[in-house]
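Novice: Before I ask anything, let me first share the structure, which is written out below as structure tokens.
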Amino acid sequence: MEFLKGYISNSNRRVVVTLNKPSQFIWSLIDNVILLSKGRVVYEGPRFDMESFFAFHKRPTPARFSPLEHYLAVVNNFRQSNAAVNWETALKEWQEEADEDEGDDLADDIELCFPTAIPDVHIPQTNHERSGAPQKLCCCGSRCNTFCELLRRYILNMLRNPGMLLIRFVMYTALSLILGVLFFDVQQDESYLAVNPRAALLFYSSSFYIFMIVSILPFLANDLQIRDKETLNGFYHPATHHLASAVASIPAVLILALVISLILVGMVKLQGAVNFFVILALALWCAESAAFLMSILVRNYIIGIVLLAGMFGMAMAVEGFMLVPSIFPAWLQWTYYVPFHTYAWRSLMYNEFAGSPSGMAVLEAYEIQESNIYNDMIVLLFYSVAIHLACLGMVVLLGSQSSSVQKMKKS
């Protein structure tokens, strides 16, 4: 802390630190404080003004008591006598009183406390401060601006965080190159030596590439933690955050599908390059949508990875490559139509083998000769939209339950 103090002493630099119960020595080195409680700002301003703030609300620091420990105890309502203070509006009340007494306003106070702060920054109001407001507004004044800002932030996070896109891009590229080299000399006729490897490659494309989507769950879990704090402060509705995240994930899916398609179609000479790309992109977006839903339902991302991997693994077994639907046990035949993997794989197969008598024979062997590739694309798109609608429903439901719990605690 002493180093940081010297680091900013002769410059316009600013250092922001997050502390949980700092020692008295560190506390004495801090200039300005933002005190949080339950995700909300209780106090913001110079450290030496904090005693005045708490004294104004009839909570002065007792004699021979650590001021910092007293402030933390008071704002977290560790004592029953403190429960009557509404800390959500306490800062505003104190600032208004200070303005009346000193003939100053809040903007001047902020400028005094933070002289090098960014100019013209509007601090969004919380829901409690927007009494009678018809809708939640962002700092730019509209829901659309909130959506656009969240969209921009998610895309920037993908570009800055290598785990969200870069590492996945490298892994998908490496796997596609390995597959391209392995299947480079596969025959292009309809013999068994040509059909079996290509069918296996298409199964891999509709299964393992989808399976790898589970790697995004840790980053979704971290993003949801940030969302919870921001929605608790009333900056936006969680549904807006999900819509922005869902839309922002589309470019990443398209990039991954494009690199896979370019490598496999180019090296293995698969048929229907455009259809291959579209089918793969839709399948990956379905998988990404499922990852979003799992991150909402299971907040522990390790458990979420296990559950989602298990679901994808079961889907691989029933999508029609290992066993054709007619030899499924009678009571399990319905499972063939449940996973989106089925529609991805059989549309890739139809795209590859349809158009010739021998190719139709291959499709008949897998009992997919009557498939319609465009209908399957629509089904994949419907799956993605349906999953995201389920995500929105869960977000709204969980958000309303959280609001009810907060109201019960306050009452």
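Each row is one residue, and each column tells you yes or no for (1) surrounded by 14 or more Cβ atoms within 10 Å (Cβ to Cβ); (2) more than 35 Å from the chain's Cα centre (by Cα); (3) modelled with pLDDT of 50 or more.
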| residue | (1), (2), (3) |
| --- | --- |
| 67 | yes, yes, yes |
| 84 | no, yes, yes |
| 102 | no, yes, yes |
| 109 | yes, yes, no |
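Novice: How many of the residues in segment 323-370 are within 35 Å of the chain's Cα centre (by Cα), closer than 21 Å to residue 276 by Cα and not in a helix (DSSP H, G or I)?
Specialist: Of the residues in that region, 1 qualify.
Novice: Kindly list the number of the only condition in (1) part of a helix (DSSP H, G or I); (2) open to solvent by 40 Å² or more (accessible area, probe 1.4 Å) that fails for residue 271.
Specialist: Tallying (1) part of a helix (DSSP H, G or I); (2) open to solvent by 40 Å² or more (accessible area, probe 1.4 Å), residue 271 fails exactly one: (1).
Novice: Please verify whether residue 194 is under 24 Å from residue 353 (Cβ atoms), free of Cβ contacts under 8 Å to residues at least 12 places away in the same chain and open to solvent by less than 30 Å² (accessible area, probe 1.4 Å), treating the condition exactly as stated.
Specialist: It is true that residue 194 is under 24 Å from residue 353 (Cβ atoms), free of Cβ contacts under 8 Å to residues at least 12 places away in the same chain and open to solvent by less than 30 Å² (accessible area, probe 1.4 Å).
A quick yes/no check of all residues on (1) outside any helix (DSSP H, G or I); (2) over 28 Å from residue 352 (Cβ atoms); (3) touching a helix residue (DSSP H, G or I) at 6+ places or on another chain (Cβ under 6 Å):
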| site | (1), (2), (3) |
| --- | --- |
| 217 | no, yes, yes |
| 234 | yes, yes, yes |
| 251 | no, no, no |
| 262 | no, no, no |
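Novice: May I pose another question? For segment 1-49, which residues satisfy the criterion of being of a type in the set (A, V, I, L, M, F, W, C), closer than 19 Å to residue 61 by Cα and part of a loop (DSSP other than H, G, I, E, B)?
Specialist: Hit for segment 1-49 is 30, nothing else.
Novice: Now, a different point. Does residue 293 count as at pLDDT below 90, part of a helix (DSSP H, G or I), closer than 30 Å to residue 232 by Cα and not charged (D, E, K, R)?
Specialist: It is false that residue 293 is at pLDDT below 90, part of a helix (DSSP H, G or I), closer than 30 Å to residue 232 by Cα and not charged (D, E, K, R).
Novice: A further question on this structure: If I filter segment 20-30 for residues that are of a type in the set (Lys, Arg) and touching an Asp or Glu at 6+ places or on another chain (Cβ under 9 Å), do I get at least one hit?
Specialist: The answer is yes; a qualifying residue exists.
Novice: While we're on this one: Residues 73, 90: which one is among the small types (Gly, Ala, Ser), at pLDDT below 80 and surrounded by 13 or more Cβ atoms within 10 Å (Cβ to Cβ)?
Specialist: 90 is the lone residue from the list that is among the small types (Gly, Ala, Ser), at pLDDT below 80 and surrounded by 13 or more Cβ atoms within 10 Å (Cβ to Cβ).
Novice: What do you reckon, is residue 41 within 19 Å of residue 66 (Cα to Cα), surrounded by 12 or more Cβ atoms within 10 Å (Cβ to Cβ) and touching a residue at least 12 places away in the same chain (Cβ under 8 Å)?
Specialist: no
Novice: Could you please give the count of residues in segment 201-257 that are among the β-branched types (Val, Ile, Thr), open to solvent by 10 Å² or more (accessible area, probe 1.4 Å) and within 30 Å of residue 185 (Cα to Cα)?
Specialist: The total comes to 1.
Novice: Separate question: State the number of residues belonging to segment 144-182 that are within 21 Å of residue 218 (Cα to Cα), of a type outside the set (A, V, I, L, M, F, W, C) and open to solvent by less than 40 Å² (accessible area, probe 1.4 Å).
Specialist: 4
Novice: Separate question: Taking the criterion of being open to solvent by 50 Å² or more (accessible area, probe 1.4 Å), part of a loop (DSSP other than H, G, I, E, B) and either modelled with pLDDT of 85 or more or touching a His at 6+ places or on another chain (Cβ under 6 Å) (or both), would at least one residue in segment 372-389 satisfy it?
Specialist: Looking for residues that are open to solvent by 50 Å² or more (accessible area, probe 1.4 Å), part of a loop (DSSP other than H, G, I, E, B) and either modelled with pLDDT of 85 or more or touching a His at 6+ places or on another chain (Cβ under 6 Å) (or both), one finds at least one in segment 372-389, hence yes.
Novice: Among the residues of segment 299-313, which ones are aliphatic (A, V, I, L, M) and open to solvent by less than 30 Å² (accessible area, probe 1.4 Å)?
Specialist: Once the filter is applied, which keeps residues that are aliphatic (A, V, I, L, M) and open to solvent by less than 30 Å² (accessible area, probe 1.4 Å), segment 299-313 yields 308, 309.
Novice: Among the residues of segment 25-67, write down those that are over 16 Å from residue 96 (Cα atoms) and small (Gly, Ala, Ser).
Specialist: 28, 37, 39, 63, 66, listed by residue number.
The values are calculated or read from the model by the stated rules, or taken from the named source; none is laboratory data. Keep in mind that this is a model prediction, so the values were computed, not measured. Every residue, glycine among them, receives a Cβ derived from its backbone with ideal geometry; neighbour counts consider all protein chains shown. Surface areas here come from the heavy atoms of the whole protein model, side chains and all, with no ligands, DNA or RNA. Shrake-Rupley method; radii C 1.70, N 1.55, O 1.52, S 1.80 Å.
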